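Engineer: Dropping a structure here in structure tokens format, bear with me for questions.
The values are calculated or read from the model by the stated rules, or taken from the named source; none is laboratory data. Computed from a prediction, not measured in an experiment: that's the story for all the values here. Neighbour counts are summed over all protein chains in view; Cβ atoms, including those assigned to glycine, are modelled from backbone coordinates with ideal geometry. Note: accessible area is taken over every heavy atom of the protein model, side chains too, but ligands, DNA and RNA are not part of it. Shrake-Rupley method; radii C 1.70, N 1.55, O 1.52, S 1.80 Å.
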Amino acid sequence: MRTFFTIIKMNIFKDKKFTLAFVMVVLSYLATFLVSFGLIRSVIYDNAVQMTTLVATRIHNRINDEMTMPINVGLTMAHDVYLIERLKKESQHTEQENIDDIGNYLNNLQKGLGYESVFLASEQSHIFYTGSGFFKHMDIDNDTHDFWYREFIKSGEPFVPNVDHNQEQFDTWAVFYNTRIEDEERNLLGACGIGRSMNELKDMLAQFEKEYNVSVCLVNSEGVVQVDVDDVKIDKTVLSDTKLEIDNPDEYNIQREEDGFSVTKYVASLSWFLVIRNNVNYRISAYSTLFFYFVILLVILLIILSIGVFIIIKRNNELHNTSFRDNLTGLINRNAYEVDIEKLKRQPVKDISYITIDVNGLKKVNDGLGHQAGDMLIRAAAECITQYFSKLGKCYRIGGDEFAVIINRTNFDSQKICREFHELVDQWHSEGPVKRLSMSVGIAKSSDYESVEIEKLIEYADMAMYKEKEEYYKLLREQENAAKA
């Protein structure tokens, strides 16, 4: 299979007639596919928008249901005659009396309704009361935790939701439903309301995200995220690209995005916006079945077209490889070597290493044991060269016992390569007439010269190889003389 694709990839565009026919067939098919798939995408998108709009309606209604109770509790507290009268006469009582009475009122309400926090902030004393009684004296100008009160009063709104850390609950995220308290003459008395753990809303959004495969969040009118399943985004992330319009609160705003679309709906009870993002996944849509059919048919078409020329291409490649392969060793032969060298002759070589390898003692083997033994020695040399150098570069047999390796890099240790190659050669042995194998190696790198032509690089490698060969024969003669003595 790998051979098939390799041959097709390397030869598919060599025949111009085949290429033209191939391209025309494929382009026609692709044109049909793209038109069909465009229609499919449009249908998927429209259906996804309708589905997400229905989901937005369900989430919007669920949020309103969740908000109704705490809003009503806050409004009830704001109109409670006892609470109003108590705040009006706050200065007539001691601070401890106020803490005991108001704290008891808030504690009963908190326990009765099961909320995480019930609070009251006095305009007159700036005391922040909770179900536990006195919590703190607010510093609305300097303490960032108390800025909410200043901003809420400035807004003039009777009711405003606010996301903040709940200091009573170890600074965990909470949603506070702030309600303005006024007397009969509309004089400001303070603010009261309910604090709910953010986890309740997060769990609700997470359920919708899992059920409908969308992302859901609530943002304020400036686009700042107020509620999200990811705490990191709360009060930090701004959806600057999302349109937030309240001209018609009952409408859904559909906005295309790079990876899908978003549906935005105004939540009047919170004065926030519900934002639902849907990353339309065409691959897993029910309509994508047709897409897979097109792909399968295209693959079949390509296979049929490719098989039609595979046999011819393969045959041509076999003939081509035969003319460029050495029959005895299977290495690239001199014909291919000369073609590659001609390419390198066109300009000074860069990042090229040339290695010359020559078998030692071939003539002696041929004369003493015959040419079959000599051929065995050449094949053994080729095996060692292939084993060590084939992963580094191209290996050639350029003559009887002459071999060459061309490597397209120079960042290696020449001495280490020579040493490791000789170690590999020394390990070779045979039970046949030729017992041992020896080769001389010469390496030349273009990086060792400022500018060098390939002919010179070959010359330098040959010089290094002959130097090693001389040392080999010198050592051999010394060993023979020592044996005679």
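Engineer: Wrap a convex hull around the Cα atoms of the stretch 362-428, take a quarter of its surface area, and give that in square nanometres.
Structural biologist: Mean projected area for the stretch 362-428: 4.9 nm², to one decimal.
Engineer: Return the aspartates and glutamates within reach of K467: Cα separation strictly under 13 angstrom, same-chain partners fewer than 8 residues apart disregarded; answer none if there are no such residues.
Structural biologist: Cα-Cα hits under 13 Å: D358, E459.
Engineer: Run the accessible area of the chain with a 1.4 Å probe and give the carbon-and-sulfur part as a rounded percent.
Structural biologist: Its accessible area is 53 percent carbon and sulfur atoms.
Engineer: Would you please give the FRET efficiency between I254 and D230, computed as 1/(1 + (r/R0)^6) with r the Cβ-Cβ distance and R0 = 22 Å, to the nearest 0.05?
Structural biologist: 0.35
Engineer: Another one. Length gain on complete extension for the stretch K343 to A483, per 0.36 nm per residue less the alpha carbon to alpha carbon distance?
Structural biologist: 45.4 nm
Engineer: Turning to a different aspect of this structure: For the stretch 40-89, what's the radius of gyration and Dmax over Cα atoms, in angstrom?
Structural biologist: That works out to 21.2, 70 Å for Rg and Dmax.
Engineer: Follow-up question, since we're still on this one. Taking Rh as the Kirkwood radius computed over C-alpha pairs, what is the Stokes-Einstein D of the chain at 4 °C in a medium of viscosity 1.567 mPa s, expressed in µm² per second?
Structural biologist: 41 µm²/s
Engineer: Still on this structure, I have one more. Pull out the extension gain between D367 and I300, defined as 0.36 nm times the separation in residues minus the alpha carbon to alpha carbon distance; nm, one decimal. Numbers along the way, then the final one.
Structural biologist: Working: separation 67, 0.36 × 67 = 24.12 nm, distance 6.02 nm.
Stretched fully, the D367-I300 segment lengthens by 18.1 nm.
Engineer: Name the long-range amide H neighbours of I181: under 5 Å, sequence gap of 5 or more, or other chain; modelled H, no Pro or chain starts.
Structural biologist: Here L189, G190, A191, C192 satisfy the definition.
Engineer: Rounded to the nearest whole Å², what accessible area per residue is found for the stretch 139-266 with the 1.4 Å probe?
Structural biologist: Per-residue accessible area for the stretch 139-266 comes out at 52 Å².
Engineer: Do you know the relative contact order of the chain, to the nearest whole percent, from alpha carbon pairs under 8 angstrom that are 6+ apart?
Structural biologist: 11 percent
Engineer: Once you have a ≥ b ≥ c as the square roots of the Cα gyration tensor eigenvalues for the stretch 100-185, tell me rounded if a/c is under 1.5, and otherwise prolate or oblate according to whether a/b is larger than b/c.
Structural biologist: Details: a/c = 1.38, a/b = 1.16, b/c = 1.20.
Note, shape of the stretch 100-185 comes out rounded.
Engineer: In whole Hz, with x marking every Gly and Pro, tabulate ³J(HN,Hα) for the stretch 102-114 from phi via Karplus 6.51 cos²θ - 1.76 cosθ + 1.60, θ = phi - 60°.
Structural biologist: In residue order, the calculated couplings are 5, x, 5, 4, 5, 5, 5, 5, 5, 5, x, 9, x Hz.
Engineer: Given H placed 1.01 Å from N in the peptide plane, which residues other than close sequence neighbours of I352 have an amide H under 5 Å from its amide H?
Structural biologist: For I352, whose amide H was placed from the backbone, the distant partners under 5 Å are S446, S447.
Engineer: Helix 16-78 sits at what angle to the longest principal axis of the chain, using alpha carbons and giving 0 to 90 degrees rounded to 10?
Structural biologist: 30 degrees
Engineer: Considering amide H positions built from the backbone, and no H for Pro or chain starts, which residues 5 or more places from T172, or on another chain, come under 5 Å of its amide H?
Structural biologist: Residues meeting the amide H criterion: N166.
Engineer: In 10 Å bins starting at 0, how do the alpha-carbon pair distances of the stretch 31-179 split up by percent?
Structural biologist: The calculated distribution, bin by bin, is 9, 31, 27, 10, 8, 7, 5, 2, 0.
Engineer: Using the Karplus equation 6.51 cos²θ - 1.76 cosθ + 1.60 (θ = phi - 60°), what ³J(HN,Hα) coupling, rounded to whole Hz, does each residue of the stretch 216-227 give in order, writing x for Gly and Pro?
Structural biologist: Calculated HN-Hα couplings, in order: 10, 8, 10, 10, 7, 5, 8, x, 7, 5, 9, 9 Hz.
Engineer: Starting at the first residue of the stretch 248-259, write each ³J(HN,Hα) from the Karplus equation 6.51 cos²θ - 1.76 cosθ + 1.60 with θ = phi - 60°, in whole Hz, x for Gly and Pro.
Structural biologist: Residue by residue, the stretch 248-259 yields 10, x, 7, 8, 9, 9, 9, 10, 5, 10, 4, 10 Hz.
Engineer: Hey, another quick one. How long, wide and thick is the stretch 399-485, going by the Cα atoms along their three principal axes, in whole angstroms, largest first?
Structural biologist: That gives 50, 27, 26 Å along the principal axes, largest extent first.
Engineer: Note the angle between two axes, namely the Cα long axis of helix 334-344 and the longest principal axis of the Cα atoms of the chain, as a number of degrees from 0 to 90, rounded to the nearest 10.
Structural biologist: Approximately 50 degrees, to the nearest 10.
Engineer: I'd like the distance separating the alpha-carbon centroids of the stretch 377-433 and the stretch 64-106, in whole Å.
Structural biologist: With the stretch 377-433 and the stretch 64-106 each reduced to a Cα centre, they are spaced 94 Å.
Engineer: Kindly flag which residue pairs out of K88/K154; K445/K469; K391/K445; K350/K469 have an alpha-carbon separation exceeding 26 Å in this structure.
Structural biologist: The answer is K350/K469.
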